[in-house]
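I have a structure here, written as structure tokens, and I will follow up with some questions on it.
Values in this text are rule-based calculations from the coordinates and carry no lab data. All of these numbers come straight from a predicted model, not from anything done at the bench. A quick note on method: Cβ atoms are made from the backbone with ideal geometry, for glycine too, and the neighbour counts reach across all protein chains shown.
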Amino acid sequence: MDCQAFIDQQVGEIKEAVGGGVAINALSGGVDSSVVTVLGYRALGENLRTFFIDDALMREGEPERVVQRFADVGIHVGLVDARAEFLGALKGLTDPEQKRQAVTDTFYSVVFARLVGETGARFLLHGTILTDIEETVAGIKRQHNILAQVGIDTEEAYGYGVLEPLKTLRKDGVREVARALGLPAEVSERIPFPGPGLATRIVGEVNEERLDTVRKATTIVEEELADSGAFQYMAVLLNDYATGIRDGEREFGQIIVLRCIDSVDARTATAVRLPWEKLEAICERITRIPGVNRCLYDLTPKPPATIEYV
Ligand code: XMP
């Protein structure tokens, strides 16, 4: 791919679509939304309003880290605290598609609609990539960010248009563009983290307590596997309990799954053959999280599994 030509073309198209108006975008800090932020900023300058939406589904320290990283390169990111709205929408839901729908609705109908109203924007710039579109259209999973491709007219439904500058690229292509834009390796090589965040890693109800458990496990897994070179690694909280022993007492505890996969573009994946010592070290740390007494390693390739659990 000729990255420079791609960048020039997308910057041109954003400029043309938005004209002298205002556009908004949501930055999660991942490679897709970071690339969109830089393309949008190059096209629109201060007429791009970038927000980090704290949806309660993020990793430890993520909001502050992302806002600071972009402040360092001169791009102001507004922090929006929408935790209560997302937790309220997810309350009591256990069905995976209903959970995804709740996250989508809260993003688009509640939070983005409010931001559009406040900024006067007519467009939302979006980090949708080709794999998201293909899997949603194939009916495998409703990715949170797929709208037009499933027949939703965003102008009509939410009152703003959506621009998707990355929709012809897969993850590997987005990383190439990120490098060409001069984004640091911690962004361009960042492992994928899904839009609905930790909600895709909690089987069963998503609530503050369960988020806290999976967030602690995520921190451990990301620390331990940072040097693994794997495509993606994560911790998942199951909705089952198992008998264990803690401090000499029987405990009916929670179960965390460790997943670490190799992949090129997330369409297929295989489990990484991690060293046994590494697995033991992770297991030891994870089972020190209060209420967790088992840690399992997932060997399943995609297909038949997907990468995330929800
Ligand atoms: P799955 O679980 O579908 O994941 O095998 C494929 C890749 O996509 C990421 N993923 C998402 N990314 N919104 C996103 O932005 C989503 O709703 C979503 N669901 C999964 C997942 O982390 C993996 O890299």
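If amide H atoms are built 1.01 Å from N in the plane of the peptide, which residues on other chains or at least 5 residues away come under 5 Å of the amide H of VAL272?
Close amide H contacts, sequence-distant or interchain: CYS260, ILE261, ASP262.
Looking only at Cβ-Cβ distances, which cysteines of the chain have no other cysteine closer than 4.7 Å?
CYS3, CYS260
What does the helix-only formula give at 222 nm for the chain: each DSSP H stretch with n ≥ 4 adding -39500 (n - 2.57), the total divided by the residues, and the result rounded to the nearest 500 deg cm²/dmol?
For the chain, the value works out to -11500 deg cm²/dmol.
What residues qualify as long-range amide H neighbours of ILE202, i.e. H under 5 Å apart, gap of 5 or more or another chain, H built at 1.01 Å from N?
LEU237
Count the DSSP beta bridges whose two residues both fall in region 173-293, then state the antiparallel fraction as a percent rounded to the nearest 5.
Close to 90 percent.
Count the net charge of all other residues whose Cβ sits under 15 Å from the Cβ of LEU198, scoring Lys and Arg as +1 and Asp and Glu as -1.
-1
Here's another thing I want to ask about it. Of all the Cα-Cα pairs you can form in the chain, what percent are over 25 Å apart?
50 percent
Residue by residue through region 194-209, which ³J(HN,Hα) values in whole Hz follow from phi under the Karplus form 6.51 cos²θ - 1.76 cosθ + 1.60 (θ = phi - 60°), with glycine and proline marked x?
These are the phi-based 3J(HN,Hα) values: x, x, x, x, 5, 5, 7, 10, 10, 7, x, 5, 9, 9, 4, 5 Hz.
OK, next. In whole Hz, with x marking every Gly and Pro, tabulate ³J(HN,Hα) for region 217-226 from phi via Karplus 6.51 cos²θ - 1.76 cosθ + 1.60, θ = phi - 60°.
Taking θ as phi minus 60°, the curve returns 5, 4, 4, 4, 4, 5, 5, 5, 10, 3 Hz for region 217-226.
ALA138 to LYS278: FRET efficiency via 1/(1 + (r/R0)^6), r the Cβ-Cβ distance, R0 45 Å, to the nearest 0.05?
Efficiency computed from Cβ-Cβ geometry: 0.85.
Separate question: Once R0 is set to 30 Å, what does the formula 1/(1 + (r/R0)^6) return for the Cβ-Cβ distance between LYS91 and ASP247, expressed as a FRET efficiency to the nearest 0.05?
0.35
Read phi for every residue in region 286-301 and hand back ³J(HN,Hα) as whole Hz from Karplus 6.51 cos²θ - 1.76 cosθ + 1.60, θ = phi - 60°, with x for Gly and Pro.
3J(HN,Hα) across region 286-301, in whole Hz: 5, 7, 8, 5, x, x, 10, 10, 9, 9, 10, 9, 8, 9, 6, x.
For a quick check: with amide H placed at 1.01 Å from N, whose amide H comes under 5 Å from VAL162's, ignoring anything fewer than 5 positions away on the same chain?
So VAL162 has HN proximity to LEU124.
Taking only the alpha-carbon atoms of region 146-239, what semi-axes of the equivalent ellipsoid follow from 5 times the gyration tensor eigenvalues under a square root, in whole Å, largest first?
Gyration-tensor ellipsoid for region 146-239: 28, 24, 10 Å.
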